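Visitor: Before anything else, here's the structure in question.
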2 protein chains.
Amino acid sequence: MSTFRRYQSADYEYSFTNPKPHNYVLAPLNLTSVLKDDHYNINAEIFKLYVNNVIPSLNLVGDDQLYDLTATADITLLQAISRRIHYGKIVAESKFVGPTAAQYTALIKAKDEAGISALLTDAAQEAVVIARATAKASYYGATLDWVNNVLVPGTVKIPPKAVTDLYKNYLIPLTKVVEVHYLMHRLD
Amino acid sequence: MSTFRRYQSADYEYSFTNPKPHNYVLAPLNLTSVLKDDHYNINAEIFKLYVNNVIPSLNLVGDDQLYDLTATADITLLQAISRRIHYGKIVAESKFVGPTAAQYTALIKAKDEAGISALLTDAAQEAVVIARATAKASYYGATLDWVNNVLVPGTVKIPPKAVTDLYKNYLIPLTKVVEVHYLMHRLD
């Protein structure tokens, strides 16, 4: 990462690895998956969404030229978003083996994507998820007046509306895309 | 990082870089430093402190074997701690050119490390820094009851005492080590 200007910042930060470590490789883990084998992923779409929608929604201004720090944060956020969306596979599997298993099996056999999507959708639960994420953005994103132990009004770091929109327009719909795709191929 | 088990986790996470990118290099920034040239750093000491004191203070249990995720968090924390401590150079320079410049210059010429350390120390300010960091750990580390917009008692993620100790026993003293070293060599 030092090729992206890390350790050149005005922060006077130093590398912990000099010389760089050898390329050690740990033995793979033998994890047993609860899922049907499924390598489908929509990271290409998530990347475009992140660049074209998420970043602009944060109302960032200026350019500190310290692109490694930015890229590191980008990677962390992209991976968090991706992980959240692909959890849809676990949700889908739990539905497939759950109380409505027979309904899902029938819809899968009929290749009824719209029917699967409708059966998956729980609008009340989606509203709860969106409200909770928005509340957390308002709360954890604000500056603490630590003497009086209250949040300082107007100090939120990103617009909570950006979080509302992220969940409503992207995270929930894309999770559903992953769920539907997984189920459509569950009996392959 | 994929050699450290990333993308083998039960989270079903996927790489954004396949194939891996070429090793692009950005042109260096031409930053003008306010500091006297000083490559001194105590990262070796910070690393030992992190492994031997900080991590044990967090009361972590278990082993998820997903060492890349852990190492990524470790690197972020080590760099944050290191940055915080080496800010001492900026503090030291501001003291050197500030209202007590003559006193510092005399102490530096006399090679009086203890005298410099004493002149640097502001016990009241240190107490404020420690109290603020501890309050933030208690506040931002707790789970939000987002329906009632209050923190849930007993849900703090790391012991606030660990943050108190980190600042009191390590961050503040080590920042002072960096400040004193910088000033001792300010007139070299």
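Visitor: Considering segment A:108-140 alone, what residues qualify as being in contact (Cβ under 8 Å) with a residue 60 or more places away in the chain and among the acidic types (Asp, Glu)?
Guide: A:GLU113 - this is the single residue of segment A:108-140 that is in contact (Cβ under 8 Å) with a residue 60 or more places away in the chain and among the acidic types (Asp, Glu).
Visitor: Same structure again: Would you be able to tell me the number of residues in segment A:128-162 that are part of a helix (DSSP H, G or I), out of contact with any strand residue (DSSP E or B) (no Cβ under 6 Å at 6 or more places or on another chain), within 12 Å of chain B (Cβ to nearest Cβ) and not basic (Lys, Arg)?
Guide: Looking only at that region, the number is 11.
Visitor: Could you list, in sequence order, all residues of segment A:141-164 that are surrounded by 15 or more Cβ atoms within 10 Å (Cβ to Cβ) and free of Cβ contacts under 8 Å to residues at least 40 places away in the same chain?
Guide: A:GLY141, A:ALA142, A:LEU144, A:TRP146, A:LEU151, A:VAL156, A:PRO160, A:VAL163, A:THR164
Results for (1) within 9 Å of chain A (Cβ to nearest Cβ); (2) in contact with a Lys or Arg (Cβ under 9 Å, 6 or more places away or on another chain); (3) at pLDDT 85 or above; (4) under 17 Å from B:VAL178 (Cα atoms), shown as yes or no for each residue.
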site: B:SER57; (1), (2), (3), (4): no, yes, yes, no
site: B:ASP68; (1), (2), (3), (4): yes, yes, no, no
site: B:ILE81; (1), (2), (3), (4): no, no, yes, yes
site: B:TYR87; (1), (2), (3), (4): yes, no, yes, yes
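Visitor: Mind listing just one residue for me: the one in segment A:89-102 that is farther than 27 Å from B:LEU69 by Cβ and surrounded by fewer than 18 Cβ atoms within 10 Å (Cβ to Cβ) and, of those, nearest to the other protein chains (Cβ to nearest Cβ)? Walk me through how you get there before you give the answer.
Guide: Within segment A:89-102, the first condition is being farther than 27 Å from B:LEU69 by Cβ, and the residues that meet it are A:95-102.
Adding the requirement that they be surrounded by fewer than 18 Cβ atoms within 10 Å (Cβ to Cβ) leaves A:97-102.
On the way: A:VAL97: 17, A:GLY98: 19, A:PRO99: 24, A:THR100: 23, A:ALA101: 21, A:ALA102: 26 Å.
Once the filter is applied, the top-ranked residue is A:VAL97.
Visitor: Filter segment A:33-49 down to residues that are aromatic (Phe, Trp, Tyr) and more than 9 Å from every other protein chain (Cβ to nearest Cβ), then give me how many there are.
Guide: 1
Visitor: Name every residue in segment B:60-83 that is in contact (Cβ under 8 Å) with a residue 60 or more places away in the chain and either more than 21 Å from A:ALA73 (Cβ to Cβ) or buried (at least 16 other Cβ atoms within 10 Å of the Cβ) (or both), in order of residue number. Let's see the steps before the verdict.
Guide: Initial filter on segment B:60-83 (in contact (Cβ under 8 Å) with a residue 60 or more places away in the chain): B:65-69, B:71-72, B:81.
B:GLN65, B:LEU66, B:TYR67, B:ASP68, B:LEU69, B:THR72, B:ILE81 - these are the residues of segment B:60-83 that are in contact (Cβ under 8 Å) with a residue 60 or more places away in the chain and either more than 21 Å from A:ALA73 (Cβ to Cβ) or buried (at least 16 other Cβ atoms within 10 Å of the Cβ) (or both).
Visitor: Continuing with this model, one more query. Pick out the one residue from A:LEU119, A:LEU166, A:LEU107, A:LEU174 that is in contact with a Leu (Cβ under 8 Å, 6 or more places away or on another chain), within 23 Å of A:ASN52 (Cα to Cα) and away from chain B (no Cβ under 13 Å).
Guide: A:LEU174
Visitor: With surrounded by fewer than 16 Cβ atoms within 10 Å (Cβ to Cβ) and over 26 Å from A:ILE75 (Cβ atoms) as the only criterion, which of B:ALA135, B:ALA127 stands out? Walk me through it before giving the result.
Guide: Numbers: B:ALA135 fails: surrounded by fewer than 16 Cβ atoms within 10 Å (Cβ to Cβ).
Going through B:ALA135, B:ALA127 in turn, just one is surrounded by fewer than 16 Cβ atoms within 10 Å (Cβ to Cβ) and over 26 Å from A:ILE75 (Cβ atoms): B:ALA127.
Visitor: Now, a different point. Checking the conditions here, which among A:LYS109, A:LYS89 is among the basic types (Lys, Arg) and over 23 Å from the mean Cα position of the chain (by Cα)?
Guide: The match here is A:LYS109.
Visitor: For segment B:46-69, how many residues are under 20 Å from B:VAL163 (Cβ atoms) and part of a helix (DSSP H, G or I)?
Guide: 12
Visitor: Is it the case that segment A:73-85 has a residue that's of a type in the set (A, V, I, L, M), out of contact with any Ser or Thr (no Cβ under 6 Å at 6 or more places or on another chain), part of a helix (DSSP H, G or I) and over 17 Å from A:ASN41 (Cα atoms)?
Guide: Scanning segment A:73-85 turns up at least one residue that is of a type in the set (A, V, I, L, M), out of contact with any Ser or Thr (no Cβ under 6 Å at 6 or more places or on another chain), part of a helix (DSSP H, G or I) and over 17 Å from A:ASN41 (Cα atoms).
Visitor: Which numbered condition trips up A:LEU171, out of (1) farther than 24 Å from A:SER57 by Cβ; (2) surrounded by 13 or more Cβ atoms within 10 Å (Cβ to Cβ)?
Guide: Going through the list (1) farther than 24 Å from A:SER57 by Cβ; (2) surrounded by 13 or more Cβ atoms within 10 Å (Cβ to Cβ), A:LEU171 breaks only (1).
The values are calculated or read from the model by the stated rules, or taken from the named source; none is laboratory data. What you see is a predicted model; the values in this text were computed from it and never measured. FYI the Cβ positions are ideal-geometry reconstructions off the backbone, even for glycines, and counts take in every protein chain you see.
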